[in-house]
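Values quoted throughout were computed directly from the atomic coordinates according to the rules given, and no laboratory measurement underlies them. This is a predicted model, so every value here is computed, not measured. All Cβ positions, even for glycine, are placed from backbone atoms using ideal geometry, and neighbour counts span all protein chains on display.
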Amino acid sequence: MPHISIKMIEGRDEATKQKIAEALVKTATEVMGVGEDALSVAIEDVPRADWIGQVFLPEIRGNKDRLYKKPGYKDV
């Protein structure tokens with residue numbers, strides 16, 4: 001069962017988060033050939049001041065071999 005987990009800098013409203021979740025579910029069901037009931041989506045807001053330590057270093061820089069889409073911003 002696919003579970004999609006998103007971490008993003010805090011500040012986006014609930015309507016925006018809902019749109020992101022709906023778009024991901026739509027695409028995932030089409031590409032993977034599964035029903036919506038097979039998917040779950042979680043969104044975690046991360047304070048901007050914590051992004052480098054909580055997300056960038058351990059999950060982006062620390063997992064470059066697992067990234068299917070790398071960020072366009074410079075490596076720290």
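Descriptive notes on the structure:
- With respect to being surrounded by fewer than 11 Cβ atoms within 10 Å (Cβ to Cβ) and of a type in the set (Gly, Ala, Ser), Ser5 fits the description.
- Scanning the stretch 1-24 for residues that are among the acidic types (Asp, Glu) and in a helix (DSSP H, G or I) yields Glu14, Glu22.
- Annotation: Tyr68 fulfils all but one of (1) without any contact (Cβ under 8 Å) to a residue 24 or more places away in the chain; (2) within 21 Å of Met1 (Cβ to Cβ); (3) in a helix (DSSP H, G or I); the unmet one is (3).
- Every residue from the stretch 25-47 that is in a loop (DSSP other than H, G, I, E, B) and β-branched (Val, Ile, Thr): Val34
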